[in-house]
Amino acid sequence: MIPARVAHTGHTGRVVADITYGHGIPTEHELRLCGDLSGGKRALELGVSEWFNSIAFARVGAKSIAVDPDRDRIAEMRTRADAAEVSVQCHATDLADLGEITSGTCQVVVAAHTIGHVDDLSRLLRQVHRVLEPSMPFVISLDHPFALVSDQHPYGTGERSIGSWFTALSRANFRVDQIRELGAAGNAPSTLIMRARKEGS
């Protein structure tokens, strides 16, 4: 049995899922990027993170969905969901292949350190845009590009730059409304978090 992580109710009465975005940084309780997921809202974890955020979605009453191309990862998600006595709809498929999810039905998509190295980012973003309801958030966390800079790896040569993320999201009709640079990795932040909202239909 995995230990329960308790959801919190803020002063506004909103139920906040215990979503983790990275090591040693604030969680959703402090950042409040996803909003209230209770009441059967559909929440998608794009790539099963090491924190198994789909279980946190389900614990606050969301209709939780997990997508990952690794069948073993999906099997572990099912095992953990059973142990936590929650329901998670699981799909073992490419992250950019969300055909099992009806267009415009998700209220939030979270990718916590799972899409930093996706090859066809444009295709993935088009699929996320398709499944989200208008104005709903897509929350992305990843290793901060500056944290990986060295003499051998100048900024932008190994990882996508912050500018390239903004450009890709904008071209897919997302509007970035929050960016957080958190944690510490030498002289740079360790984690970059972006919240982008779907524009258009």
Any idea which residue in region 133-186 is surrounded by the fewest Cβ atoms within 10 Å (Cβ to Cβ), counting only those that are at pLDDT below 95 and acidic (Asp, Glu)? ASP151
Contact list please: Cβ distance under 8 Å, first residue in region 179-201 and touching a residue at least 40 places away in the same chain (Cβ under 8 Å) and assigned to a loop (DSSP other than H, G, I, E, B), second residue of a type in the set (Asp, Glu) and surrounded by fewer than 18 Cβ atoms within 10 Å (Cβ to Cβ), pairs at least six apart or on different chains. PRO189/GLU181
Return the pair list, or none, for Cβ contacts closer than 7 Å from residues in region 28-53 that are among the aromatic types (Phe, Trp, Tyr) and assigned to a helix (DSSP H, G or I) to residues that are surrounded by fewer than 17 Cβ atoms within 10 Å (Cβ to Cβ) and at pLDDT below 95, at least 6 apart or on different chains. none
Is it true that VAL176 is part of a strand (DSSP E or B), within 22 Å of VAL48 (Cα to Cα) and out of contact with any Ser or Thr (no Cβ under 7 Å at 6 or more places or on another chain)? no
Can you list the strands (runs of 3 or more DSSP E) found entirely within region 57-148 that contain at least 3 residues being within 13 Å of ALA43 (Cβ to Cβ)? 63-68, 108-112, 137-143
Determine which member of the set ALA81, ALA7 is among the aliphatic types (A, V, I, L, M), over 24 Å from LEU169 (Cα atoms), in contact with a strand residue (DSSP E or B) (Cβ under 6 Å, 6 or more places away or on another chain) and at pLDDT below 95. ALA7
Starting from region 140-157, keep only residues that are touching a residue at least 60 places away in the same chain (Cβ under 8 Å), then list their pairs with residues that are surrounded by fewer than 18 Cβ atoms within 10 Å (Cβ to Cβ) and small (Gly, Ala, Ser) whose Cβ atoms are within a distance under 7 Å, requiring at least 6 positions of separation or different chains. none
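The values are calculated or read from the model by the stated rules, or taken from the named source; none is laboratory data. Please read all numbers here as calculations on a predicted model, not as lab measurements. In this analysis, Cβ positions are derived from the backbone assuming ideal geometry, glycine residues included, and neighbour counts consider all displayed protein chains.
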